[in-house]
Amino acid sequence: MRIRSVHSLKENDCLGKAIYNENDSILLNQGVSLTKRMIERLKEKGVSFVYIDDKETEGIITDDVIKESTKQESIRTIKENFTNISQSLKLGKTIDMDKLSPTFSNVVNNILSDIHSNKEAVSMLSDVFCYDTYVFQHSLNVTIYSLALGKKYGLSEKQLEELGLGAILHDIGKVAIPIEVLNKEETLTFEEFALIKEHTNIGFDMLRKAHTISLLTAHCAFQHHERLDGSGYPRGIKGDDIHIYAKIIGIADVFDAVTGNRVYRKAKLPNEGLELLYSGAATMFDKEMVEAFSKTVAIYPIGLEVALSDGRMGVVSKQNGDFTSRPVIRILSEEGKQVTPYELNLMEHLSITITSCETALTQNKVTN
Ligand SMILES: [Fe+2]
C-alpha cells in the first residue's frame, strides 16, 4: 500500500482503503479500480491523499490508530450532540451539559483504550472528511492527538480523561457561530474574526456551568488558542498561566488544522505540520511538548513515497518506535533506475536522510 496525492492518481490505480463520505457511508470501496470520473470526484470532494495498492508495495500495511467502529461511533456522537446543542441555542433553550457529559466521557474512554493498545506513531493522513463535517472530524482528531501526546507526556489516567473531554469539547462554542463565517474561504473581516474568537468564551461558559465537568476541562475550551508569548486569544495570557491541557490541545489543534484535508487548500504533510510547530516552539508552543509530539505522530507515515539523500527512492514500510524521523524504507529505485524492492532501515544508516516526500510531488522538500 502507498499514499498518493489525488493529483498524481492515474486511471486504473487500485484503491487500498475505503473512502467514506460525510454521512459515514462508503464513497469508494477498497479494491476499486479508479476511473477518471472517480478521480475528478475525489478532487471535487477536497480529498488530498488516498491509499493505493500495487505490486511494488505489497505487504506494506497501516494500522489505524483507533478502530473503525470507535471512529464511526465517535463522529456520530459528536455530530448528533453538537447539532442538537446548536438547534437548542437557536430556539433560545438552555443547554444542560450535565446531561451530555457522560456520553462524551464514554466516547473519550473508548478512544483512550484504543490509544493504549496502539503501539505505532499516530497517523491520520488519509482520513477523509468533507466540508460541513469538518468541526466533528476535527474534534475527534484533536482528541486523538491530545490523548497520544498527553500519554507520552506522562499524564495520569484521570488527567487523560479530563484532557480527552476537554479536547472533544474544545470547539463546542463554535456551534453558536454562523456556519457561513466558519466556512468562509476568503479572508475574514475584523468583525468576523472577532466573532470566531468568541467560540472560546462561549464554550467555557457552557462547560463551566456543568457540575459533572471539571473546571480544568472547561478551561480547555477557554484557553486552547492562548499562546506562550501572549499572542493568543481570548485573553492573551502567557506561559504557565495557560494550563497544561490547553497547551497540549493547542498543539493538536494547529497540527490537525494544517495537515487535515480541507476543501479550500491543500493539506500539508506531517513533516511540514511539525516544522510549523517547531517554528513556534518556545514562543507560541511549549518546546518540550513539541518534542514529545514529534515522537508521537508519524512524521513519515507508512506508505509515503520518499526520496533519500543518496539518490534512492522508496516507500515508508515500517515505523521505528519513538524515532519517527528514521523509518524503514522499501527501496524501489536507485539513481532513477527501478530495482528489485528491498528494505532499508534508516536507523542503521544514519548518514542517509529523507530529502523529499514524493506524494505531494515537488512541493514537499524536507527542510531539516
Ligand atoms: Fe478553537
statement: Taking the dipole of the range 2-53 about the Cα centre (Lys, Arg +1; Asp, Glu -1; charges at Cβ), the one of 31, 9, 20 that reaches farthest to the positive side is 9
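About its Cα centre, what dipole magnitude does the range 9-89 give when the only charges are +1 on Lys and Arg Cβ and -1 on Asp and Glu Cβ, stated in debye to the nearest 20?
Working: 12 positive and 15 negative charges, 64 e Å.
It works out to roughly 300 debye.
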statement: Non-local residues with an amide H under 5 Å from the amide H of residue 122, with H modelled 1.01 Å from N and Pro and chain starts lacking one, are 297, 298
- request: Quote to one decimal, in nm, the extra length available between residue 33 and residue 157 on full extension: 0.36 nm per residue of separation minus the C-alpha distance between them.
  value: 40.2 nm
- request: Report, in whole Å, the centroid distance computed from the Cα atoms of the range 308-333 and the range 56-95.
  value: 32
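May I ask you to derive the relative contact order of the range 127-266, considering only C-alpha pairs under 8 Å and at least 6 residues apart, and to give it as an integer percent?
Values: 183 pairs, mean separation 37.6, N = 140.
The normalised contact order for the range 127-266 reaches 27 percent.
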task: Determine ³J(HN,Hα), in whole Hz, for all residues of the range 153-164 in sequence, where each value follows from phi through the Karplus function 6.51 cos²θ - 1.76 cosθ + 1.60 and θ = phi - 60°; x replaces Gly and Pro.
output: 7, x, 5, 6, 4, 5, 5, 4, 5, 5, 4, x
query: Once every DSSP H run of n ≥ 4 in the chain is given -39500 (n - 2.57) and the sum is divided by its residues, what mean residue ellipticity at 222 nm do you get, rounded to the nearest 500 deg cm²/dmol?
result: -13000 deg cm²/dmol
statement: 1/(1 + (r/R0)^6) with r = Cβ-Cβ of residue 282 and residue 235, R0 = 22 Å, i.e. FRET efficiency to nearest 0.05, evaluates to 0.60
statement: For the range 68-294, shape from the Cα gyration tensor axes a ≥ b ≥ c, cut at a/c of 1.5 then a/b versus b/c, turns out rounded
query: Charges only on Cβ, +1 for Lys and Arg, -1 for Asp and Glu: so what's the dipole of the chain about the Cα centre, in debye to the nearest 20?
result: 300
- prompt: With charges only on Cβ, +1 for K and R and -1 for D and E, what is the dipole size of the range 2-53 about its Cα centre, in debye, rounded to 20?
  reply: 180
√(5λ) per eigenvalue of the Cα gyration tensor, the range 305-363, largest first, Å: 17, 13, 10
- prompt: Any idea how far apart residue 310 and residue 189 come out in nm if each label point goes 7 Å out from Cα toward Cβ?
  reply: 6.0
task: Can you tell me the 0 to 90 degree angle between the C-alpha axis of helix 134-152 and the longest principal axis of the chain, rounded to 10?
output: 80
task: Arrange the peptides 278-289, 58-69, 29-40, 314-325 so that the one whose residues have, on average, the most other Cβ atoms within 10 Å appears first.
output: 314-325, 278-289, 58-69, 29-40
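Å³ per residue of the Cα convex hull, for the range 114-203? Don't skip to the answer; put the middle values down first.
Numbers: hull volume 11.1 nm³, N = 90.
Spread over its residues, the Cα hull of the range 114-203 gives 123 Å³ apiece.
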Karplus 3J(HN,Hα) series, Hz, for the range 202-210 with 6.51 cos²θ - 1.76 cosθ + 1.60 (x for Gly, Pro): 4, x, 4, 4, 5, 7, 6, 6, 7
- request: With springs connecting C-alpha atoms under 10 Å apart, model the chain as a Gaussian network and identify which of 156, 48, 351 has the largest mean-square fluctuation.
  value: 351
statement: With x for Gly and Pro, the residue-by-residue ³J(HN,Hα) of the range 337-350, computed from phi through the Karplus equation 6.51 cos²θ - 1.76 cosθ + 1.60 at θ = phi - 60° and given in whole Hz, is 9, 5, 10, 5, x, 8, 9, 10, 8, 5, 5, 9, 9, 5
task: Quick one: which residues, 5 or more positions from residue 345 or on another chain, have an amide H under 5 Å from its amide H? H modelled 1.01 Å from N in the peptide plane, none for Pro or chain starts.
output: 329
statement: For residue 312, the residues 5 or more places away or on another chain with a placed amide H closer than 5 Å to its own amide H are 335
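Evaluate E = 1/(1 + (r/R0)^6) for residue 355 and residue 40, where r is the Cβ-Cβ distance and R0 equals 30 Å; express this FRET efficiency to the nearest 0.05.
E between residue 355 and residue 40, to the nearest 0.05, is 0.40.
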- request: Evaluate the relative contact order of the chain (contact order divided by residue number), counting alpha-carbon pairs under 8 angstrom at least 6 apart; express in whole percent.
  value: 16
task: Give, in nm to one decimal, the length gained when the segment between residue 103 and residue 347 is fully stretched (0.36 nm per residue of separation minus the Cα-Cα distance).
output: 83.5 nm
query: With the contact rule set at Cα under 8 Å and sequence spacing of 6 or more, what percent relative contact order holds for the range 1-140?
result: 30
message: Once you place label points 7 Å from the Cα toward the Cβ at residue 338 and residue 91, how far apart are they in nm?
response: 6.2
Cross-link pairs beyond the 22 Å C-alpha cut-off, checked among 17/67; 197/238; 36/79: 36/79
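Here, each number is a calculation from the coordinates, and none is a lab measurement. Everything numeric in this text was worked out from a predicted model, so none of it was measured. Counting neighbours? That spans all protein chains shown, and the Cβs are built from the backbone with ideal geometry, glycine included.
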